[in-house]
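One structure is given below, encoded as structure tokens.
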Amino acid sequence: MKKRTARFPLLVYTPLRRWSSLGLLTALLVGVFWLFLPRLIGPTPLRPLALLAALAGTVLFVYGHFAPRVAHVRCEPTGLRLQGPLMPLLISYRRVERTRLAPLTKVFDPQKDRAARRWPLTYWGMTAVLVDLKGYPVPPWWLRLWFDRHLFLPDGTGLVLLVEDWMGLSQQLDGALSAYRARRARR
């Protein structure tokens, strides 16, 4: 039985935890409003809209609660597995040109990127693992639909993997790439 490699949680999804609180608050407030609406103003055709808003708040709560826990990256024998909150992506090592390390401030500019400005300040002092790719396995517009845009290099084809244990990910990725290249050389 093969040993499973470590999971490295993707930190770009951590700020989604705020959505969890917002969704819970919305669902509770709108749910109470929906419950007492007929007693306050009588029967109204708008009551189903309040139920729809409470349902949307519940979905936001569930997504914000589970997305940061689910999103991770893992080095598997066949390729780099990028697990987003809703969709997995397996990138074959054949597509990887090189890996490198860079401070996050060299990849994204906090002054220009409004979404990144809301990240915790500790992120800006962290090192990211950059994976330059020959190409994506699916069209880029499809990836941007399902994954956070900060997982992709802004000026090229590749990935920006912001994880707490960047050294461990870098070592596992280098080891997996070396093993893949050795297998290819033997063929």
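The values are calculated or read from the model by the stated rules, or taken from the named source; none is laboratory data. Predicted model only: the values in this text are computed from it and were never measured. Neighbour counts are summed over all protein chains in view; Cβ atoms, including those assigned to glycine, are modelled from backbone coordinates with ideal geometry.
Of everything in region 8-23 that's in a helix (DSSP H, G or I) and hydrophobic (A, V, I, L, M, F, W, C), which residue is surrounded by the fewest Cβ atoms within 10 Å (Cβ to Cβ)? Checked region 8-23; the qualifying residue surrounded by the fewest Cβ atoms within 10 Å (Cβ to Cβ) is Leu22.
Of the strands (runs of 3 or more DSSP E) contained entirely in region 71-180, those carrying at least 2 residues that are touching a strand residue (DSSP E or B) at 6+ places or on another chain (Cβ under 9 Å) and β-branched (Val, Ile, Thr) fall at 96-103, 127-133. When Leu35, Leu90, Leu80 are checked against the criterion of being in contact with a helix residue (DSSP H, G or I) (Cβ under 8 Å, 6 or more places away or on another chain) and surrounded by 12 or more Cβ atoms within 10 Å (Cβ to Cβ), Leu80 stands alone in meeting it. Only one entry in Val131, Val107 is modelled with pLDDT of 95 or more and not hydroxyl-bearing (Ser, Thr, Tyr), namely Val131. Residues in region 136-146: is at least one surrounded by fewer than 13 Cβ atoms within 10 Å (Cβ to Cβ) and either in contact with a helix residue (DSSP H, G or I) (Cβ under 8 Å, 6 or more places away or on another chain) or within 23 Å of Asp165 (Cβ to Cβ) (or both)? No, because not a single residue in region 136-146 is surrounded by fewer than 13 Cβ atoms within 10 Å (Cβ to Cβ) and either in contact with a helix residue (DSSP H, G or I) (Cβ under 8 Å, 6 or more places away or on another chain) or within 23 Å of Asp165 (Cβ to Cβ) (or both). In the set (1) loosely packed, with under 12 Cβ neighbours inside 10 Å; (2) under 19 Å from Phe8 (Cβ atoms), Phe152 fails one condition alone, (1). Regarding Pro120, is this residue surrounded by fewer than 13 Cβ atoms within 10 Å (Cβ to Cβ), over 19 Å from Gly79 (Cα atoms) and either out of contact with any Gly (no Cβ under 9 Å at 6 or more places or on another chain) or not β-branched (Val, Ile, Thr) (or both)? Yes.
Residues that are assigned to a helix (DSSP H, G or I) and over 34 Å from the mean Cα position of the chain (by Cα) within region 24-51 comprise Leu35, Phe36, Leu37, Pro38, Arg39, Leu40, Ile41, Arg47, listed in sequence order.
Any residue at all in region 113-122 that is in contact with a His (Cβ under 7 Å, 6 or more places away or on another chain) and under 19 Å from Pro68 (Cβ atoms)? For region 113-122, residues in contact with a His (Cβ under 7 Å, 6 or more places away or on another chain) and under 19 Å from Pro68 (Cβ atoms): present. All of (1) over 30 Å from Leu159 (Cβ atoms); (2) modelled with pLDDT under 85; (3) out of contact with any Phe, Trp or Tyr (no Cβ under 6 Å at 6 or more places or on another chain); (4) among the hydrophobic types (A, V, I, L, M, F, W, C) hold for Leu51 with one exception: (3).
Exactly one residue out of Leu22, Leu10 is among the hydrophobic types (A, V, I, L, M, F, W, C) and either under 27 Å from Gly135 (Cβ atoms) or in contact with a helix residue (DSSP H, G or I) (Cβ under 6 Å, 6 or more places away or on another chain) (or both): that is Leu10.
Let me confirm something: among Gly125, Gly175, which residue is of a type in the set (Gly, Ala, Ser) and in contact with a Pro (Cβ under 8 Å, 6 or more places away or on another chain)? Gly125 is the lone residue from the list that is of a type in the set (Gly, Ala, Ser) and in contact with a Pro (Cβ under 8 Å, 6 or more places away or on another chain).
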